[in-house]
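First comes the structure, then the notes that go with it.
The values are calculated or read from the model by the stated rules, or taken from the named source; none is laboratory data. The model shown is predicted, which means the values in this text are computed figures rather than measured ones. Please note: Cβ atoms are built from the backbone with ideal geometry, for glycine as well, and neighbour counts cover all protein chains shown.
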Amino acid sequence: MSFLTKSIFWIDALERMVKTFAQAAVAILTASAVGLLTVDYVQLLSVAGLAAVVSLLTSIASGGTGSSDSASLVVDTKVKKK
């Protein structure tokens, strides 16, 4: 659980959250196929917010699985040369 104390993990998780929120909001806007003024913004924010929370929980659940500094499940395969 030491990954929870690293700022790089939280920056990565926050970036994923914001992207997921935006993707969910765009999906709702395009799926509703109505005008911009007739969208139910409370519902849009609710669904996009839930998607963002799920993204954060996924990052926490996968923390420490891949790279120890990342919220990703994927291991960094790049070899750093000095």
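Candidates 13, 25, 33: the one that is small (Gly, Ala, Ser) and within 18 Å of residue 57 (Cβ to Cβ) is 13.
Please specify each residue of segment 23-45 satisfying the condition of being of a type in the set (Gly, Ala, Ser), at pLDDT below 90 and in contact with a Leu (Cβ under 9 Å, 6 or more places away or on another chain). 32, the sole residue that qualifies.
To keep it simple, each residue is scored yes or no on (1) closer than 24 Å to residue 65 by Cβ; (2) out of contact with any Ser or Thr (no Cβ under 9 Å at 6 or more places or on another chain); (3) in contact (Cβ under 8 Å) with a residue 12 or more places away in the chain.
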{"residue": "16", "(1), (2), (3)": "yes, no, yes"}
{"residue": "32", "(1), (2), (3)": "no, no, no"}
{"residue": "37", "(1), (2), (3)": "no, yes, no"}
{"residue": "42", "(1), (2), (3)": "no, yes, no"}
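Any residue that is at pLDDT below 75 and surrounded by 14 or more Cβ atoms within 10 Å (Cβ to Cβ) - is there at least one of those in segment 46-64? Among the residues of segment 46-64, at least one is at pLDDT below 75 and surrounded by 14 or more Cβ atoms within 10 Å (Cβ to Cβ), which makes the answer yes.
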